[in-house]
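Values in this text are rule-based calculations from the coordinates and carry no lab data. This one's a predicted model, so the numbers in the text were calculated from it and none came from an experiment. Cβ coordinates were reconstructed from backbone atoms using ideal geometry, including for glycine residues, and neighbour counts include every protein chain displayed.
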Amino acid sequence: MKNKHDIRLFIALTWVISFVFMWCFFYLLLPRNRFKEQLDIIEKNVIESRWDEARVSMDELKKIYERNRTIIQINNATEAFVTFDSMIGQLDDAIENKQELAGEFIGGLRYYTDFVIKAFAGP
């Protein structure tokens, strides 16, 4: 028969192993590098006012985001996800309307990428 100490040890080890597994799962599946590379391309095109190329890059960024939307949503709190989602929409509209304001949204997305597309980044 197991005593309380053995059961506590089992629960603690199960929790640690589960946490490590989940962290690895999110770390491997979240598209952090691809997302940052695409943001860099968009930023370069916006700075040089190449709006057609920025539109193509934005479409690619949205494809990356849509393919990974569920895993990003699972990994984050609702507020962070909604803000991130909204900022992608604002960047899309700014590029579509050829507004220099797109640079500000790129900066915001770059910050949120470090926060949202990282395994267990938020509180």
Practice task
Quick one: angle between helix 32-47 and the longest Cα principal axis of the chain, in degrees between 0 and 90, rounded to 10, please.
Solution key: 20
Problem - Centre separation in Å (Cα based) which lies between the range 1-47 and the range 71-104 - result: 23
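Rounded to the nearest 500, what is the 222 nm mean residue ellipticity of the chain from helices alone, with -39500 (n - 2.57) per DSSP H run of 4+ residues and division by all residues?
-28500 deg cm²/dmol
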Fill in the blank from the handout: The ³J(HN,Hα) series, computed from each phi in the range 49-61 with the Karplus coefficients 6.51, -1.76 and 1.60 at θ = phi - 60°, rounded to the nearest Hz and given as x for glycine or proline, is 6, 9, 6, 5, 5, 5, 5, 4, 5, 5, 4, 5, 4
Completion exercise
Computed over the chain: longest principal axis from alpha-carbon atoms vs helix 102-116 long axis, angle to nearest 10 degrees, is 10
Exercise for the section: Rank by packing, highest mean first: peptides 10-20, 59-69, with packing defined as the count of other Cβ atoms within 10 Å averaged across residues. Expected result: 59-69, 10-20
Completion exercise
note: the chain, Cα-Cα separations exceeding 25 Å make up a percent value of 35
Fill in the blank from the handout: Any trypsin sites (Lys or Arg not before Pro) in the range 1-53 that lie in a DSSP loop and have at most 16 other Cβ atoms within 10 Å would be 2, 50
